[in-house]
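A.B. asks: First, the structure itself, so that you have it in front of you.
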Amino acid sequence: MAVPAASPRLTADPRGHFFGPMAHAYACGAQMAVTNEAPWNIVFGSCSCCGVAEKREMLRESWGVHDPAEWRATLEGLLDERSSDQGATLVMDIRWQTAQWYRRPIDPATWQAAVGDWCRRNGQADIHAPLIETVERILRYEARLTADGVLPYGAVIRDMIAYDFGRAVNFARWGVHAEYTDPATAESFILHAGVQSRRFYSSWAHLSAGYILGRCLRFDEDEFGPYYTGPVAAHHALMQDPQSPWLNIPFQM
């Protein structure tokens with residue numbers, strides 16, 4: 001059983017954004033900022049752990065980014081509508097489309113059958129087993145997120161692309177820290193992350209659930225370890241702290 005993460009501390013920089021579209025956009029990346037104990041609302045001063053050389057090394061080792069052009073290309077990729085987890089996006093789209101056809105939520109067996117039908121219709125029998133495994137993983141995470149108070153009972157996660165948008169906000173910051181871009185350019189990308197988030201989600205809670213699922217599918221390996229407990233703790237902090245942007249900035253603007 002995973003050990004619950006300690007409640008993280010929500011921090012904001014008084015020089016940063018607190019209201020309006022720019023603050024909303026920064027708040028779309030608040031999950032990662034809170035987990036990293038960094039101010040959620042600013043580029044300046046949001047990284048005190050390392051200098052330019054160390055940040056460039058992190059981008060090189062973790063992202064394969066070596067220069068400003070690669071930084072920009074990576075950020076643009078995070079902000080387009082092609083999810084970084086195509087398999088998960090596919091099966092979640094199939095679930096949504098099937099529920100629309102039935103005009104009601106569908107059970108796991110119906111979802112799995114719909115995935116099988118899609119594979120047969122599209123001549124993709126070779127990916128049927130991996131897709132079903134992804135379905136089962138999503139169901140396990142949704143059940144745990146419900147038990148841990150992130151998802152309401154009976155709710156499902158529509159899309160996990162929030163993980164890409166949340167990372168984009170922080171990746172834009174890192175570009176400034178690495179001196180691969182200027183703050184104004186970084187904030188233009190951050191603002192676009194906010195626009196994209198509103199296109200795909202209807203509330204902070206929905207955005208957060210999508211972010212957590214995307215992070216867990218990528219890193220957690222069904223262990224419900226720190227890659228799960230950390231974001232869940234950040235979710236509860238952001239949904240409960242009176243100073244949280246999620247309680248003070250409307251999601252739809």
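The values are calculated or read from the model by the stated rules, or taken from the named source; none is laboratory data. Keep in mind the model is a prediction, meaning the values are calculated, not measured. Here the Cβ positions follow ideal geometry from the backbone for every residue, glycine too, while neighbour counts run over all protein chains shown.
A.B. asks: What do you reckon, is Gln240 more than 15 Å from Arg167 (Cα to Cα), exposed (fewer than 15 other Cβ atoms within 10 Å of the Cβ), modelled with pLDDT of 95 or more and over 16 Å from the mean Cα position of the chain (by Cα)?
C.D. replies: Considered against the rule, which asks whether it is more than 15 Å from Arg167 (Cα to Cα), exposed (fewer than 15 other Cβ atoms within 10 Å of the Cβ), modelled with pLDDT of 95 or more and over 16 Å from the mean Cα position of the chain (by Cα), Gln240 comes out as yes.
A.B. asks: For the stretch 54-81, which positions are crowded, with 20+ Cβ neighbours inside 10 Å and over 21 Å from the mean Cα position of the chain (by Cα)?
C.D. replies: Lys55, Arg56
A.B. asks: Taking Glu187 as the residue in question, decide whether it is modelled with pLDDT under 95 and over 11 Å from the mean Cα position of the chain (by Cα).
C.D. replies: Criteria not met by Glu187.
A.B. asks: Considering each of Tyr153, Tyr211 in turn, give the residue that is among the aromatic types (Phe, Trp, Tyr) and buried (at least 24 other Cβ atoms within 10 Å of the Cβ).
C.D. replies: Exactly one of Tyr153, Tyr211 is among the aromatic types (Phe, Trp, Tyr) and buried (at least 24 other Cβ atoms within 10 Å of the Cβ), namely Tyr211.
A.B. asks: Which one of these does Gly20 not meet: (1) within 26 Å of Ala237 (Cα to Cα); (2) surrounded by 13 or more Cβ atoms within 10 Å (Cβ to Cβ)?
C.D. replies: (2)
A.B. asks: Do any helices (runs of 4 or more DSSP H) entirely within the stretch 128-223 hold 2 or more residues that are closer than 20 Å to Glu81 by Cα and in contact with a Phe, Trp or Tyr (Cβ under 7 Å, 6 or more places away or on another chain), and if so, which?
C.D. replies: 162-177, 183-200, 204-219
A.B. asks: Quick one: how many residues across the stretch 98-127 are aliphatic (A, V, I, L, M) and either modelled with pLDDT under 95 or not in a helix (DSSP H, G or I) (or both)?
C.D. replies: Result for the stretch 98-127: 1.
A.B. asks: Still on this model: Could you identify the single residue in Arg9, Arg95 that is among the basic types (Lys, Arg) and either in contact with an Asp or Glu (Cβ under 8 Å, 6 or more places away or on another chain) or in a loop (DSSP other than H, G, I, E, B) (or both)?
C.D. replies: Arg9
A.B. asks: Condition test on Trp40, is it assigned to a loop (DSSP other than H, G, I, E, B) and at pLDDT 95 or above?
C.D. replies: yes
A.B. asks: On to the next question. I'm trying to understand the selection: among the residues of the stretch 195-226, which are over 12 Å from the mean Cα position of the chain (by Cα) and among the hydroxyl-bearing types (Ser, Thr, Tyr)?
C.D. replies: Ser202, Ser203
A.B. asks: Still on this structure, I have one more. What's the number of the condition Ile106 fails, among (1) over 23 Å from His236 (Cβ atoms); (2) hydrophobic (A, V, I, L, M, F, W, C); (3) in contact (Cβ under 8 Å) with a residue 12 or more places away in the chain; (4) surrounded by 18 or more Cβ atoms within 10 Å (Cβ to Cβ)?
C.D. replies: Just one mismatch for Ile106, condition (3).
A.B. asks: Give just the number: which of (1) touching a His at 6+ places or on another chain (Cβ under 7 Å); (2) free of Cβ contacts under 8 Å to residues at least 60 places away in the same chain; (3) polar (S, T, N, Q) does Ser62 not satisfy?
C.D. replies: Status for Ser62: all satisfied but (1).
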